[in-house]
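Novice: Have a look at the structure that comes next, please.
No lab work stands behind these numbers, since they all come straight from the coordinates. Everything numeric here is computed off the predicted structure, so don't read it as measured data. Don't worry about glycine lacking a Cβ; one is built from the backbone with ideal geometry, like all the others, and counts go over all protein chains shown.
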Amino acid sequence: RKQQWRPFSKDSRRESGKYLLRTMIRVLRRSFLGRTSSIRPGCQGDPLRCTRASRISESLREHATMAARLLDSSKTGVLCCDIQERFRKAILHMDSVIHCSGWMMKAAAELKMPIIVTEQYPKGLGETVGELQDYVKMSYKFEKTQFSMLTEEVKDCMEKKCSGCDTWIIVGIESHVCVQQTALGLLKEGKAVYVLADAVSSQTRGDRQIALDRMRQAGAVVTTTESCIFELLGDFKHPSAKGLSQKASARPHSGLGGPSPTL
């Protein structure tokens with residue numbers, strides 16, 4: 001005999017619950033697949049992984065484009081970060097930082113590139129080291145207390161007096177604090193950033209190397225002073241080439257030019 005259907009019986013409630021659950025699963029599945037299919041074809045199985053992969057691929061493409069682009073002196077400026085007297089004995093291979101920073105600033109001055117110099121709380125930490133003072137006189141100089149060089153005054157200077165610069169070369173200290181925060185800030189604003197490995201340092205090897213790795217991963221180009229200067233010159237026939245090349249033989253051999261087993 002056919003069993004009588006009871007709308008409020010235990011069996012009917014169980015069947016209704018199953019039907020509702022199946023309906024919800026179908027709706028969620030359609031909605032989920034619809035969203036993931038717009039992310040990337042074939043990624044419905046793991047949309048988060050595909051989204052991350054897309055972002056990483058885009059970042060790598062942008063970095064590869066920046067690294068492959070030759071520097072143009074008419075669109076490039078130099079940032080000299082806090083190379084002050086108080087840090088002279090505290091910073092690893094400070095002699096290399098001073099020499100290579102001066103070398104870069106000399107090149108910038110001869111190539112008519114803008115130079116911005118910052119000093120971190122100079123009343124307590126002293127002014128920029130004496131070896132660089134001739135170049136400081138040719139620069140826009142600012143005092144600061146925040147770690148990044150990108151104070152409101154500096155950003156205003158970049159906008160009004162360096163508006164043609166879409167690329168910035170950074171030298172100075174410390175790699176893992178002021179230099180790194182400046183580089184990341186510029187990258188966030190869409191600027192191309194070149195960090196000179198032999199012209200930046202920290203008090204410890206570990207801090208310096210990790211900072212260089214992070215800036216490179218974020219999109220900055222980590223290179224050397226000599227490479228950067230000759231790229232800007234473009235030709236040894238350039239009037240400044242001979243004088244600038246002579247600085248290469250005088251630089252300290254500190255090992256700051258790039259990763260090595262000691263760093």
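Novice: Classify the stretch 143-263 from the C-alpha gyration tensor, please: rounded if a/c falls under 1.5, else prolate or oblate depending on whether a/b exceeds b/c.
Specialist: oblate
Novice: Let me ask something else. For labels at Ala218 and Asp156 in the simple 7 Å Cα→Cβ model, what's the distance in nm?
Specialist: According to this spin-label approximation, the distance is 2.5 nm.
Novice: Would you pull out the residues with amide H under 5 Å of Ile169's amide H, same chain only if 5 or more places away, H placed 1.01 Å from N?
Specialist: For Ile169, whose amide H was placed from the backbone, the distant partners under 5 Å are Gly77, Val78, Leu79, Tyr194.
Novice: Any idea what the dipole of the stretch 113-261 comes to, in debye rounded to 20, about its Cα centre with Lys/Arg Cβ at +1 and Asp/Glu Cβ at -1?
Specialist: 160 debye
Novice: For the stretch 70-250, what is the percent of antiparallel DSSP beta bridges, rounded to the nearest 5?
Specialist: If I count the DSSP bridges inside the stretch 70-250, around 5 percent turn out antiparallel.
Novice: Any chance you could run the full-extension gain for Asp72 through Asp235? It's 0.36 nm times the residue separation minus the Cα-Cα distance, nm to one decimal.
Specialist: The Asp72-Asp235 span can extend by a further 57.4 nm.
Novice: Further question: All other residues with a Cβ under 14 Å from the Cβ of Glu127 taken together, and with Lys, Arg as +1 and Asp, Glu as -1, what is their net charge?
Specialist: 0
Novice: Follow-up question, since we're still on this one. Assuming a ≥ b ≥ c are the square roots of the Cα gyration tensor eigenvalues, decide whether the stretch 70-250 counts as rounded (a/c under 1.5), prolate (otherwise, with a/b larger than b/c) or oblate.
Specialist: rounded
Novice: Continuing with the same structure: Tabulate in residue order the Karplus-calculated ³J(HN,Hα) for the stretch 203-211, using 6.51 cos²θ - 1.76 cosθ + 1.60 with θ = phi - 60°, rounded to whole Hz; enter x for Gly and Pro.
Specialist: 6, 10, 5, x, 4, 5, 5, 5, 5
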